[in-house]
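The values are calculated or read from the model by the stated rules, or taken from the named source; none is laboratory data. Just so it is clear, the structure is predicted and the values come from calculations on it, not from any experiment. Cβ coordinates were reconstructed from backbone atoms using ideal geometry, including for glycine residues, and neighbour counts include every protein chain displayed.
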Amino acid sequence: MATIRPASLTPFKPPVFLNSTYGFESVEANEAAGALGERLYAREYNPTTEILEKRLANLEGAEAGLVAASGMAAFGTLILLLLSQGDELVVHKTLYANTLAMVEQAVPRFGIKVVAVDLSKASNLEDAITDRTRLVFFETPVNPLSRILDIAAIAERAHARDVKVAVDSTFASPALQRPLEHGADIVIHSLTKYINGHGDALGGAILGDAKTHPRGHATGSVGGALGCRTAAALMG
């Protein structure tokens, strides 16, 4: 009887790396891994979550991806890494309830001014942007009313003032909408909803070009890292 060797098998699903830290054969190997950027500790880097990030980036046509423990963790990471005290954030007047609570109650505590405007008319953005505006954020379709906003028109006006655009595309998923193709710089998702599709996992994602994308595996610093088991479930 022939013996089947593990090395000859191709797994149907990605392997799950359960370790919290990584071993190295030498100090030099450890330093080389560290030089690649935050690849020493599972909160900062995990091969399973990296596979999910690459798959999501491919679906959205993005250069880089970062997954987080939930959609709200993704949004919080985005805000903390792209905005600083004194900056201004423009948002659509209607947002997911928890996102609205964050921009109304939490974000201003960091010295970031939040300006809510009706972006159903892209021209309304003209008066909302100032020299301190760094980011325009909105959902489309909008949660919970499913109203559709014009990504291209909003992005054109924002970019004319050198302002980045981030779109929450959770309700559409990459199957129906790819915001980067319409001019957005960053797209975020609550993976909990349509991308997961079977109601058994929480997750979030930030996807965009390599230059604009939040630095490194930043959830390792912010604390909203996605677990490897959840990453595997999301890919299942």
Point to revise | First in segment 164-182 and at positive phi, second anywhere and crowded, with 24+ Cβ neighbours inside 10 Å, Cβ under 8 Å, 6 or more apart | key: 173/189
Review point. Any chance segment 64-72 includes a residue that's under 30 Å from residue 200 (Cβ atoms), modelled with pLDDT under 90 and not in a helix (DSSP H, G or I)?
Key: no
Check your understanding: Do we have residue 83 as in contact with a strand residue (DSSP E or B) (Cβ under 8 Å, 6 or more places away or on another chain), in contact (Cβ under 8 Å) with a residue 12 or more places away in the chain and within 18 Å of residue 212 (Cα to Cα) here?
Key -> yes
Study note, to complete from the structure: Requiring at least 3 residues that are surrounded by fewer than 20 Cβ atoms within 10 Å (Cβ to Cβ), the strands (runs of 3 or more DSSP E) wholly within segment 106-197 are 113-117
Exercise for review: Please find, among 63, 31, 44, 53, the residue that is surrounded by 18 or more Cβ atoms within 10 Å (Cβ to Cβ) and either of a type outside the set (Lys, Arg) or in contact (Cβ under 8 Å) with a residue 12 or more places away in the chain (or both).
Suggested key: 53
Review point. Of (1) touching a helix residue (DSSP H, G or I) at 6+ places or on another chain (Cβ under 9 Å); (2) crowded, with 20+ Cβ neighbours inside 10 Å, residue 213 satisfies all except one. Which?
Key: (1)
